[in-house]
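Q: There's a structure below that I have some questions on.
The values are calculated or read from the model by the stated rules, or taken from the named source; none is laboratory data. Treat the numbers as computed from the prediction; the structure is a model and nothing was measured. Please note: Cβ atoms are built from the backbone with ideal geometry, for glycine as well, and neighbour counts cover all protein chains shown.
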Amino acid sequence: MRVYMDHARVLKLDRPVSKVIIGNADVADATVADAQTIVLTGRNFGTTNLVLLDADGNAIVDERILVSIDEGNTVRVFRQTDRSVLSCTPNCEEHVARNKSGG
């Protein structure tokens, strides 16, 4: 499942969720909107997993999450071994990966 960085994705479920587990909270975050609605937010580039359990501890969802940038308005600049990604909406700004302290 793909989620773009700094974007939310709503997951509607057929069964109520009792527990939400994110493998790496630095990559993605999950918020319970109600018992059958989860909101995933991409926090940083990378992969993690999402596990949703029902009241009996059975897995409702066990999915890999890929967080990336929305490449619709991006430009990649290559200088020898360096690579920059610019987000151009409408002015171009360099994408900088956030550090784990939330910066």
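Q: Under the condition of being modelled with pLDDT of 95 or more and in contact with an Asp or Glu (Cβ under 6 Å, 6 or more places away or on another chain), which residue from segment 16-59 is farthest from residue 74 (Cα to Cα)?
A: Once the filter is applied, the top-ranked residue is 18.
Q: Shifting gears a bit: Hey, any hits in segment 21-33 for a residue that's of a type in the set (Ser, Thr, Tyr), assigned to a strand (DSSP E or B) and within 26 Å of residue 89 (Cα to Cα)?
A: no
Q: Which condition number does residue 47 fail, the rest of (1) assigned to a loop (DSSP other than H, G, I, E, B); (2) free of Cβ contacts under 8 Å to residues at least 24 places away in the same chain being met?
A: It fails just one condition, (1).
Q: Would you check which residues across segment 1-20 are assigned to a strand (DSSP E or B) and either surrounded by 15 or more Cβ atoms within 10 Å (Cβ to Cβ) or within 10 Å of the chain's Cα centre (by Cα) (or both) and list them?
A: Passing the criteria: 2, 3, 4, 5, 8, 9, 11, 20.
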